[in-house]
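*Asks:* Quick one: the structure is below, questions incoming.
The values are calculated or read from the model by the stated rules, or taken from the named source; none is laboratory data. Every value quoted in this text rests on a predicted model; they were computed, and no experiment measured them. All Cβ positions, even for glycine, are placed from backbone atoms using ideal geometry, and neighbour counts span all protein chains on display.
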Amino acid sequence: MVRTLLSFLTILAIGTLNAQTLLVDQTASPAGQGSASQDFETTYNTYDCMQADDFEIPNGEAWQIDSVRIIGTYSSGAVTTSGLVARFMNNHVNNKPGSLVWDTIISANMDPDGDGTIVGDISNDPLTLGPGTYWLGASARKDFAGGGGQWFWSHDNDSVLSDIHWRNPSTGFGNGCANWGKSENCLSTVAPAAMYQVYGCKIVGVGAIGEDTSFCEGGSVTYDVTSTGATSYVWSTGATTSSITTDSTGTYSVTITFSGGCISEVVQTVNVTVNTEYPVVLEDDTICAGGSPATYVAPNCGNCTWVWHDSTTAAFYTTTQQGWVSITVTDASGCAGTDSAYVTVEEPDVQIAQGDSLDLCAGDTLTLSTVNAFAEYDWSIDNGSGWVYMGDSAVIGATEGGFYLVEITTDAGCLASDTIIVYERQLPIVNITQSWTNDWRVKLNAGAGFVFYEWSNGKTSQTINTSTNKTYTVTVTDEYGCQGTDQIVVIVAGAEDLTDKGIRVFPNPSSDIVNVVLPPNSEFGTVRIIDALGREVTSLTMIKSAAQIDVSMLEPGAYQLAINVDRKDHFVTLLIE
């Protein structure tokens, strides 16, 4: 008898059947209650007992066992839940349970229906058995105390192999069957078989993966296990196709799943001999235009030949041209190695980022730099007294006029240079002058000849007019972008002009209401507003010592305010904004 076991299993799904193909079915002829077959709690361990029945896998076949169904009953009033103790055993030479193949103890309830039938799905880790006779032993994992009661494995009248066996290792039942014996001798059982079913699928043979082979490094071999009826392939490499391509020695296995869920595993050591080629290494190189050439040397290997990309076979290869260089080396085994390198001819183009010339305002500092970055820099200046070294940073500051020179070095050691001329410009001189306009406002003039004007009040013209007492500043910009600044203090008029006479006018300047306050006990007269052309634009007669004049309708500008007090006119400039 041939027995094959490729993997152990664990019953994972509780109380369910995977039920692919029925391998064993002994349920057609029930016979009586059955035999006690139970794993009791510790207190009653002396009564632990198990029934077993045999089944056969035909010659030339191998099966994966994925589900079992063991039919039984409970004693009257017993709790209708049960775990499972199960074991598969080889057949002893005396046709009784022999050496252990696999066993497990499951304490969880495997009878969710409570009908006495214990079921389990073991498909997640299936048991693979080759042709021969095997025994299935089973007991209910069930406590007796507290109303738990007993479980009995039911009997069946159909048996094609040996009669059912039974044992009670601690002989608590007093029948002397500590070891496996026929049930009829231990329990006076008359039925020849137990009621159970075993499910699984027949394994389909797929043959070997392939034969040994050898090839040069960089080659490969393809192994194909395409099988009729296969639904999936999982290789030890992780591939999920029917074939794999490999380029190294190793042990390769493949698991094949067929229609119905049956799985075949093929494990084979495939010897792949890789003839190592001579290592060829060419390094990329950068040379300077007009400088030394790039030089490459063929490898010094015994019994090997080489050829360069241009079909030459010299031991040295030199070039001053930009492009690819490659060599192919063939060793004594006929394996060829190839490598390539790229030669770059560098002609660095250095440009000062600020151009060819630049204007520098006296007292300022201009930053000089290059458009691109380089490994090294050297800056110099010639301000008319010869070249003077300035430094080796990527950026320098120019503070005076003259010729500036930058000399750069690339990572490859190539040199280049560029120059710029800096013109130092003096700052423009500005002098604000002032005069009066026809409407009694002050005119400020920054002078002609500048490109841009910027006054402190935001104006950008050469001249501005104002009637506001304050300090004014102007900044001018000349054609070189240099700037000069001047400022002036403007005093036009204000309410303080008449304070010594007890007359107050405020606010001044104003844009809406002007208050006029006269001394108490004075003889009130009139208040008139006269424009720059001498025209009276408004007037009012004072009837008390204080009055308000609405000037919101007047155009902005300078006006004369004539106040008659005690029959005498007093004048003050009134500014309307």
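*Asks:* Looking at F450, F403, which is the one that is modelled with pLDDT of 95 or more and either of a type in the set (G, A, S) or outside any strand (DSSP E or B) (or both)?
*Replies:* Going through F450, F403 in turn, the sole match is F450.
*Asks:* Within the range 165-184, can you find the residues that are of a type in the set (A, V, I, L, M, F, W, C), in a loop (DSSP other than H, G, I, E, B) and modelled with pLDDT of 95 or more?
*Replies:* Correct list: A178, W180.
*Asks:* With the requirement that a residue be of a type in the set (F, W, Y), in contact (Cβ under 8 Å) with a residue 24 or more places away in the chain and assigned by TED's automatic domain parsing to the domain that holds T365, what does the range 383-428 give you?
*Replies:* Hit for the range 383-428 is Y404, nothing else.
*Asks:* If you don't mind, there's one more thing I want to ask. With the condition kept exactly as written, say whether any residue in the range 107-117 is under 20 Å from C49 (Cβ atoms), of a type in the set (G, A, S), surrounded by fewer than 17 Cβ atoms within 10 Å (Cβ to Cβ) and touching a residue at least 12 places away in the same chain (Cβ under 8 Å).
*Replies:* Among the residues of the range 107-117, at least one is under 20 Å from C49 (Cβ atoms), of a type in the set (G, A, S), surrounded by fewer than 17 Cβ atoms within 10 Å (Cβ to Cβ) and touching a residue at least 12 places away in the same chain (Cβ under 8 Å), which makes the answer yes.
Matching residues to (1) of a type in the set (D, E, K, R); (2) in a loop (DSSP other than H, G, I, E, B):
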| position | (1), (2) |
| --- | --- |
| N59 | no, yes |
| F88 | no, no |
| I105 | no, no |
| D111 | yes, yes |
| G114 | no, yes |
| G120 | no, no |
| T128 | no, no |
| W135 | no, no |
| A138 | no, no |
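*Asks:* Can you tell me which residue within the range 183-202, out of those that are touching a residue at least 40 places away in the same chain (Cβ under 8 Å), of a type outside the set (V, I, T) and more than 20 Å from G132 (Cβ to Cβ), is surrounded by the fewest Cβ atoms within 10 Å (Cβ to Cβ)?
*Replies:* Once the filter is applied, the top-ranked residue is L187.
*Asks:* Shifting gears a bit: Which members of the range 235-252 meet the condition of being within 20 Å of V274 (Cα to Cα) and either at pLDDT below 85 or not in a strand (DSSP E or B) (or both)?
*Replies:* T237, D247, S248, T249, G250, T251, Y252
*Asks:* Within the range 377-400, can you find the residues that are charged (D, E, K, R), assigned to a strand (DSSP E or B) and either modelled with pLDDT under 95 or closer than 17 Å to E424 by Cα (or both)?
*Replies:* Selection gives D382 alone.
*Asks:* Which one of these does C335 not meet: (1) surrounded by fewer than 17 Cβ atoms within 10 Å (Cβ to Cβ); (2) in contact (Cβ under 8 Å) with a residue 40 or more places away in the chain?
*Replies:* The one condition C335 does not meet is (1).
*Asks:* Considering R167, R141, which residue is crowded, with 18+ Cβ neighbours inside 10 Å and touching a Phe, Trp or Tyr at 6+ places or on another chain (Cβ under 6 Å)?
*Replies:* Answer to the check: R167.
*Asks:* Sort through S35, S75 and tell me the only one that's in contact with a helix residue (DSSP H, G or I) (Cβ under 7 Å, 6 or more places away or on another chain) and either modelled with pLDDT of 90 or more or surrounded by fewer than 17 Cβ atoms within 10 Å (Cβ to Cβ) (or both).
*Replies:* S35
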